[in-house]
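For reference, the structure discussed in these notes is given below.
What follows is calculated from the coordinates using simple rules that are stated; it is not laboratory data. Remember, it's a predicted structure, so these values are computed and weren't measured experimentally. Reconstructed Cβ throughout: ideal geometry from the backbone, glycine too, with neighbour counts over all protein chains shown.
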Amino acid sequence: MIRNLILNYKFNEKPYLHKTFVEFCYKFQKEYLKKEYYDIIIPVPISRKRLKQRGYNQSYLIAKELAKMLNIELDNRILQKTKNNSAQSVLNKIEREHNVNNVYKLFNNKNIIGKRILLVDDIYTTGSTVNECSKILKMAKVERVDVLTLAKD
């Protein structure tokens, strides 16, 4: 049932489901989701083309609601996706790892030096996307990157 909700959220124009997911995450992870643990919440970005097709970035909606709930800064401009690569969902593990190479870039990284980052994505499958984003954030000398996803597939 949860898998169907996430797929509807992501692919069937149901952006309003983000509030349900955030409430669920907070209810079951509130000992880890505390204002004092993080300085900035950053959503995994999607390409402009995908944003135009879908109409919203599902990870951004979750991150925005979570930032509001926890009163933590949200910044969706630091990490950006600069290439419209193939959708990860249609690739195998090895293809996924190569597919995310050099597609994310940092902008204005001075704001995150020494900060504790909560990186938000929707689904963790092989970890290729969040690993690539985390690697880029760590190169910017952040103190720590933690990852929150709705589910592991």
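Return 146, 39 ranked ascending by Cβ neighbour count within 10 Å, so the fewest neighbours appear first. Display every interim value, and only then the final one.
On the way: 146 14, 39 19.
By the 10 Å Cβ count, ascending: 146, 39.
Filter the GluC sites (Glu not before Pro) in segment 51-153 down to the DSSP loop ones having no more than 12 other Cβ atoms within 10 Å, then list what survives. Don't jump to the answer; show the numbers that get you there.
Values: sites: 65, 73, 95, 97, 132, 143; in loops: 143.
Listed in order of number, the matching sites are 143.
For an R0 of 41 angstrom, estimate the FRET efficiency from the Cβ-Cβ distance between residue 11 and residue 31 and round to the nearest 0.05.
Working: r = 32 Å, r/R0 = 0.77.
My answer for the efficiency is 0.85.
Starting from the alpha-carbon convex hull of the chain, give the projected area averaged over all orientations, in nm².
Values: hull surface 33.9 nm².
Spelled out: convex hull of the Cα atoms, projected over all directions, averaged, 8.5 nm².
Order these by the 10 Å Cβ neighbour count, fewest first: 22, 120.
Details: 22 24, 120 29.
If I rank by nearby Cβ atoms, fewest first, I get 22, 120.
Segment 1-40: which GluC sites (Glu not before Pro) are DSSP loop and have at most 13 other beta-carbon atoms within 10 angstrom? Numbers along the way, then the final one.
Details: sites: 13, 23, 31, 36; in loops: 13, 31.
In loop regions of segment 1-40 (DSSP not H, G, I, E or B), the sparsely surrounded GluC sites (Glu not before Pro) are 13, 31.
First measure r as the distance between the Cβ atoms of residue 102 and residue 73, then evaluate 1/(1 + (r/R0)^6) with R0 = 35 Å and state the FRET efficiency to the nearest 0.05. If you can, show how the numbers build up before the last one.
Values: r = 27 Å, r/R0 = 0.78.
E between residue 102 and residue 73, to the nearest 0.05, is 0.80.
Give me the number: length gained by fully extending residue 53 to residue 138, i.e. 0.36 nm times residue separation minus the C-alpha to C-alpha distance, one decimal in nm. Provide the component values of the computation, followed by the final result.
Values: separation 85, 0.36 × 85 = 30.60 nm, distance 3.05 nm.
Result: 27.5 nm gained on full extension.
Using the basic label-point model (7 angstrom from Cα toward the beta carbon), what is the residue 23 to residue 93 distance in nanometres?
Taking the two extended label points, one gets 3.7 nm.
Using only alpha carbon pairs under 8 Å that are at least six residues apart, calculate the relative contact order of segment 2-152 and give it in whole percent.
Numbers: 226 pairs, mean separation 35.6, N = 151.
The normalised contact order for segment 2-152 reaches 24 percent.
Pull up the cross-link candidates among the aspartates and glutamates for residue 35, meaning alpha carbon to alpha carbon under 13 Å and not fewer than 8 places away within one chain.
Those aspartates and glutamates meeting the cut-off are 73.
How long, wide and thick is segment 36-92, going by the Cα atoms along their three principal axes, in whole angstroms, largest first?
37, 23, 19
How much space per residue, in cubic angstrom, does the convex hull of the C-alpha atoms of segment 69-153 take up?
Working: hull volume 8.4 nm³, N = 85.
About 99 Å³ per residue, rounded to a whole number.
So which trypsin sites (Lys or Arg not before Pro) in segment 17-103 are both in a DSSP loop and have at most 12 other Cβ atoms within 10 Å of their Cβ?
Working: sites: 19, 27, 30, 34, 35, 48, 49, 50, 52, 54, 64, 68, 77, 81, 83, 93, 96; in loops: 30, 34, 77, 83.
Taking segment 17-103 and a limit of 12 other Cβ atoms within 10 Å, the loop trypsin sites (Lys or Arg not before Pro) found are 30, 34, 77.
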